[in-house]
Amino acid sequence: MSRSLVAHMFVTLLFCCLCAEFAVAQEYFMNPVICGDVADPTIIRWGDTYYAAGTSSEWAPHYPLYRSADLVNWEQVGHIFQRMPDWTSSSFWAPELFVHRGKVYCYYTARSRTTGRSYVGVAVADTPEGEYVDHGPLVDFGTEDIDAFVYNDDGQLYITWKAYGLDPRPIELLCQPLSADGLHLEGKAIPLMVDKENIGMEGQCIFRQDGWYYLLYSARGCCGPRSDYEVRVARSRTLYASFEPYADNPILKGSTDVLSIGHGTLVDTPDGRHYYLCHAYLRGAGFYRGRQPFLQELFVGSDEWPHFKTGRLACLRQPMPFSGTTQQPPADFEDDFTGETLDRAWTWNYTYCDVIAQLKGGSLLLSGMGKGASRGAALCLRPSATDYDFTTVLSSRTAELAGLTFYGNDDSHVILGRRGNRLQLVSKVAGNDSVWLDIPCRSRSVHLKASVSEGCRLSFAYSDDGVTWTTVGADAPDGSQVLSWDRISRPGLYTDAPSAHPARFDSFHMHLKP
């Protein structure tokens with residue numbers, strides 16, 4: 001046999017193997033399906049399209065909204081609220097989308113401006129991507145009311161929620177009839193379950209099959225590097241009787257890849273399969289991407305209890321819901337600020353500062369008006385990778401600090417920026433300031449770069465031309481210290497500048513590393 005023929009056969013065999021591997025790969029997808037911090041996700045099907053939304057917490061705009069044709073590839077299309085409803089002040093948690101009478105309802109948790117307590121509100125839109133009209137607080141039952149879920153039981157609407165979760169009384173999952181228009185409570189609250197074990201109980205959803213009402217709910221700690229969230233199930237023959245917990249709970253929990261997992265809702269495919277979209281922390285460096293949406297198929301077994309298709313241990317690799325689907329990786333982000341409005345991916349720290357962001361002549365003019373003693377304006381993105389660079393061109397020289405940030409909250413963040421004619425690297429951890437660099441910087445424009453590895457390891461550089469970079473010393477601050485209890489840090493832009501003298505940024509680019 002000639003060498004050329006052998007070579008040809010080898011190349012052909014290699015090609016066939018690669019094609020086979022590619023074909024097999026497309027039979028599976030990898031969680032998370034949305035890369036980035038989108039906790040407490042809700043999901044609906046609208047015709048042939050799926051929509052999901054999630055917690056925005058102390059970032060604006062409120063409740064990011066995503067769209068998908070295949071449950072695996074998702075695109076952010078906007079937010080439920082661009083401005084907070086008048087009755088609210090903070091803590092925008094756990095939105096729940098619900099389709100009723102040809103409209104889309106969003107039942108959501110927020111903290112009251114007048115009482116400081118969390119209630120459940122409701123807003124309505126003609127379509128998932130339409131304008132949501134707020135109808136104010138709906139559930140004002142006790143000390144705290146959060147985590148709404150709405151269920152249509154043969155034409156009668158019911159709303160369920162978690163009550164008394166933040167005071168000494170036991171946590172309860174309650175249920176109450178809703179008016180036909182979904183905007184008012186009727187009748188009396190019905191207790192579904194009481195947290196007698198004191199393990200936490202929230203993030204519930206209900207579905208009915210073969211005469212059973214099944215209640216999926218989450219237990220244990222939801223948030224942070226020591227969280228141990230898990231999914232449990234209980235059942236009942238009626239909504240008006242206590243639910244019986246499954247003897248072999250939990251039905252979904254952390255694994256070697258997943259730190260904790262829970263708080264989701266179900267959606268049915270056109271052929272009747274159940275998919276559960278919830279959130280999970282990854283272990284290791286992936287933790288710093290936050291609580292990311294995971295998708296799992298759920299079925300009711302011969303024992304008449306729900307189970308997940310890939311087992312009780314959270315699994316990154318899942319069977320593809322629909323054939324012919326190819327999962328797309330997360331993409332780099334670039335903004336040259338030439339649009340008419342801010343890109344929908346941007347978020348800002350509304351609780352600490354009234355952020356003012358204006359687009360003018362291919363530049364972003366960023367400033368803030370502080371609330372209380374604080375006035376720093378942060379405009380940031382959800383990190384979708386653990387290793388990435390982000391850069392900007394700062395073309396103003398304000399008396400206040402402006403530049404790149406790795407931002408947890410107003411008391412915990414890192415900033416590389418310019419203050420007057422000085423280039424500074426500063427950090428704040430639990431309110432304590434540290435200056436890591438303070439050198440002259442007299443150029444009109446300065447290029448700034450931050451590099452993140454392992455989700456939180458930081459390094460910095462600066463340049464006059466964007467080509468030749470000077471690395472900022474090896475003693476960069478530790479990004480793992482700039483976290484909030486329920487939120488990871490976000491990369492972006494920062495300024496202390498007031499509205500009269502905004503900082504000017506000419507570009508922003510975030511490059512994801514393999």
Sorting VAL482, TRP59, LEU173 by the position of each Cα along the dipole of the chain (Lys, Arg +1; Asp, Glu -1; all at Cβ), the one nearest the positive end of that ordering is VAL482
Using the Cβ atoms and a cut-off under 11 Å, what net charge is assigned to the surroundings of VAL124, where Lys and Arg are +1 and Asp and Glu are -1? -2
Tell me which trypsin sites (Lys or Arg not before Pro) from the stretch 88-161 have a DSSP coil assignment and no more than 12 other beta carbons within 10 Å of their own. ARG101
How far is helix 3-25 tilted, in degrees, relative to the longest principal axis of the Cα atoms in the chain, given as a value from 0 to 90 rounded to the nearest 10? 60
THR114 and ARG226 label points (each 7 Å along its Cα→Cβ direction) are spaced in nm at 3.9
Using the 10 angstrom Cβ neighbour count as an exposure proxy, how do TYR217, TYR132 rank, fewest first? TYR132, TYR217
Expected sort for THR386, THR468 with the fewest Cβ neighbours (10 Å cutoff) up front is THR468, THR386
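Rounded, prolate or oblate: which fits the stretch 31-319 when a ≥ b ≥ c are the square roots of the eigenvalues of the alpha-carbon gyration tensor, with rounded for a/c under 1.5 and prolate only if a/b beats b/c?
rounded
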Quick check on the stretch 219-376: what are the equivalent-ellipsoid semi-axes from the Cα gyration tensor, as sqrt(5λ), descending, whole Å? 40, 21, 16
Plugging the Cβ-Cβ distance of THR326 and GLU454 into 1/(1 + (r/R0)^6) at R0 = 30 Å yields, to the nearest 0.05, a FRET efficiency of 0.55
Run the numbers for ASP465 and ASP257: contour at 0.36 nm per residue of separation, minus the present Cα-Cα distance, in nm. 70.7 nm
The Cα radius of gyration of the stretch 23-162, divided by 2.2 N^0.38 Å with N its residue count, comes to 1.08
Could you state the number of Å between the C-alpha centres of the stretch 457-471 and the stretch 58-95? 34
Which of rounded, prolate, oblate describes the stretch 333-512, given a ≥ b ≥ c as roots of the alpha-carbon gyration tensor eigenvalues and a/c under 1.5 marking rounded, otherwise prolate only if a/b is larger than b/c? rounded
Fraction in percent of alpha-carbon pairs per bin - 20 Å, the chain: 22, 51, 24, 3, 0
Taking r as the C-beta separation of ASP343 and TYR240 and R0 as 45 Å, the FRET efficiency to the nearest 0.05 is 0.40
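Contour minus end-to-end for ARG442 and ASP154, with contour as 0.36 nm per residue of separation and end-to-end as the Cα-Cα distance?
Result for the pair: 96.6 nm of gain on full extension.
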Low-density loop GluC sites (Glu not before Pro), the stretch 136-213, at most 16 other Cβ within 10 Å, DSSP non-H/G/I/E/B, are GLU186, GLU197
The exposure ranking of HIS511, HIS62, fewest beta-carbon neighbours within 10 Å first, is HIS511, HIS62
What is the spin-label model distance, in nm, from ALA399 to MET30 if the labels are put 7 Å beyond Cα along the C-beta direction? 5.1
Relative contact order (%) - the stretch 333-512, alpha-carbon pairs under 8 angstrom, separation at least six: 31
Here, HIS135 and THR269, labelled 7 Å along Cα→Cβ, have an inter-label distance in nm of 3.3
For the stretch 238-332, with only Lys/Arg (+1) and Asp/Glu (-1) charged at the beta-carbon, what is the dipole magnitude about the Cα centre, in debye rounded to 20? 420
Kindly provide the helix-only [θ] at 222 nm of the chain, computed as the sum of -39,500 (n - 2.57) over DSSP H runs of four or more divided by all residues, to the nearest 500 deg cm²/dmol? -1500 deg cm²/dmol
Considering only C-alpha atoms, what is the centroid distance from the stretch 168-241 to the stretch 273-303, in Å? 19
Which entries of LYS253/LYS309; LYS449/LYS513; LYS428/LYS513; LYS360/LYS428; LYS253/LYS513 show an alpha-carbon separation above 23 angstrom in the structure shown? LYS428/LYS513; LYS360/LYS428; LYS253/LYS513
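Work out how much length SER499 to GLU334 would gain on full extension: take 0.36 nm times their residue separation and subtract the Cα-Cα distance, in nm to one decimal.
Working: separation 165, 0.36 × 165 = 59.40 nm, distance 2.49 nm.
Full-extension gain reported as 56.9 nm.
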In whole angstrom, the spacing between the Cα centers of the stretch 381-426 and the stretch 314-346 equals 25
Under 18 Å from the 7 Å Cα→Cβ point of THR310, by amide nitrogen: which residues of the stretch 62-83? 70-74
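Values in this text are rule-based calculations from the coordinates and carry no lab data. Just so it is clear, the model here is predicted, and its values are computed rather than measured. Cβ coordinates were reconstructed from backbone atoms using ideal geometry, including for glycine residues, and neighbour counts include every protein chain displayed.
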